[in-house]
Amino acid sequence: HTHKLEITGGTIEGGIASNGNGGNIYLATGTLTIGGDAVITGGVADRAVARTNGGGNIYGQVSTILNINGGTIADGNCVNSFGGNVFTRGTLNMTDGVISGGTAINGGNVFVNGYDNERIFTMTGGIIKDGTATTSVGGNIFVSAKGGLTLTDCNVSGGKTGRGGGNIYSAG
């Protein structure tokens, strides 16, 4: 039995994980698909443990799959950790939609954690913009050591960082 969650409309907002991950959504197993006009916004994850924590709006555990086929993921915050909007230890596929306005130490909008195993982020459409890495790297996207990133027909813009990779930082 494979767990599947699909969100194609409505709003999920303002969730807080005060000492944990995934302010709005924590995906422990299976597949999460976001599409249509779904809005996931304003989540906060506040836990200061390096490399394995964050995801202001969405956190994906090891072996999960996150498919973003539309919708908006915005304004997530991880003041003390990584991936302001999305933190994944699994696979991330984006074909459409918008991820914007995230804030974190690393990976203002998206943090792909390849420290555990090889993890891949494939973006074949959509927009990632206006992310902020407050003190470190990867204003919009951070891909860690064993991570992979493939970008095709997409837009990544407006990232800000304290050290490097205003839009994209790859540690591989």
### Task
Just read off the accessible area of S170 with the full protein assembly in place, 1.4 Å probe, to the nearest 10 Å².
80
### Query
If Y26, Y59 are ordered by their accessible area, calculated over protein heavy atoms with a 1.4 Å probe, which sequence runs from highest to lowest?
Y26, Y59
### Message
Cross-link candidates for K146: which lysines have Cα within less than 25 Å, leaving aside residues fewer than 8 places away along the same chain?
### Response
K129, K160
### Summary
Here the relative contact order (percent) of the chain, from C-alpha pairs under 8 Å and at least 6 apart, is 16
### Task
With label points built 7 Å along Cα→Cβ from the Cα atoms of A28 and T135, find their separation and express it in nm.
3.1
### Task
Give the label of the value calculated from the structure for Cα Rg over 2.2 N^0.38 Å, choosing from (i) 1.08; (ii) 0.87; (iii) 1.25.
(ii)
### Query
How big is the accessible area of D75 in square angstrom, nearest 10, if you roll a 1.4 angstrom probe over the protein chains?
90
### Query
Is the shape of region 119-172 best called rounded, prolate or oblate, per the rule: a/c under 1.5 gives rounded, else a/b larger than b/c gives prolate, else oblate, with a ≥ b ≥ c the square roots of the Cα gyration tensor eigenvalues?
oblate
#### Entry: Spatial extent of region 55-150: Rg and Dmax, with the Cα atoms as the point set, Å
11.4, 30
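The values are calculated or read from the model by the stated rules, or taken from the named source; none is laboratory data. None of these values were measured; they are calculated from a predicted model. Using ideal geometry, Cβ is built from the backbone for each residue, glycine included, and neighbour counts are taken over all protein chains shown. Protein only, heavy atoms only, side chains kept; ligands, DNA and RNA dropped before computing areas. Shrake-Rupley method; radii C 1.70, N 1.55, O 1.52, S 1.80 Å.
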